[in-house]
Amino acid sequence: MKDDCIFCKIANHVIESDYVYEDDLVAAFRDMNPLAPTHVLVMPKEHYETIVDGVPAQTLAAMVHAVEEVAKSEGVAETGFRVTTNTGADAGQVVQHLHLHVLGGKRLTDDLA
């Protein structure tokens, strides 16, 4: 855990949040500024800044499994949802901790980040 990372603190319960899913490697919680009715962030508990930081395959697999569990529990698995990650400043990454956005619950448009 990186001491100055807000997402590390949330993923490891130093700061509490509205958790949707959790296992030993990842945590998923609701975004504080949702872009869709379902907007959940899925992230590793260990600190990686981006998806190209040598993230172990086991952690990536756990993140994908968490996306599946979130989609099912949030009721968007059948209707459709989007998974996205922003990598670096040019892509709009605000918090420098790898995270996936799970977005759904309405018809998504191309301009929805």
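Exactly one residue out of LYS2, LYS9 is free of Cβ contacts under 8 Å to residues at least 12 places away in the same chain and either surrounded by 12 or more Cβ atoms within 10 Å (Cβ to Cβ) or polar (S, T, N, Q) (or both), and it is LYS9.
Here's the yes/no breakdown for (1) touching a Pro at 6+ places or on another chain (Cβ under 8 Å); (2) buried (at least 19 other Cβ atoms within 10 Å of the Cβ):
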site	(1), (2)
SER17	no, no
TYR21	no, yes
VAL26	yes, yes
ALA36	no, yes
THR59	yes, no
VAL67	no, yes
VAL76	no, yes
VAL83	no, no
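Here THR79 fulfils each of the conditions (1) over 19 Å from ALA28 (Cβ atoms); (2) among the polar types (S, T, N, Q); (3) touching a strand residue (DSSP E or B) at 6+ places or on another chain (Cβ under 9 Å) apart from (1). In the range 12-57, the qualifying residues are those that are small (Gly, Ala, Ser) and under 10 Å from the mean Cα position of the chain (by Cα), and the one that is farthest from ASP110 (Cα to Cα) is ALA27.
Bear in mind these aren't lab numbers, they're just calculated from the coordinates by the rules spelled out. What you see is a predicted model; the values in this text were computed from it and never measured. Every residue, glycine as well, gets a Cβ built from its backbone with ideal geometry; the counts of neighbours run over all protein chains shown.
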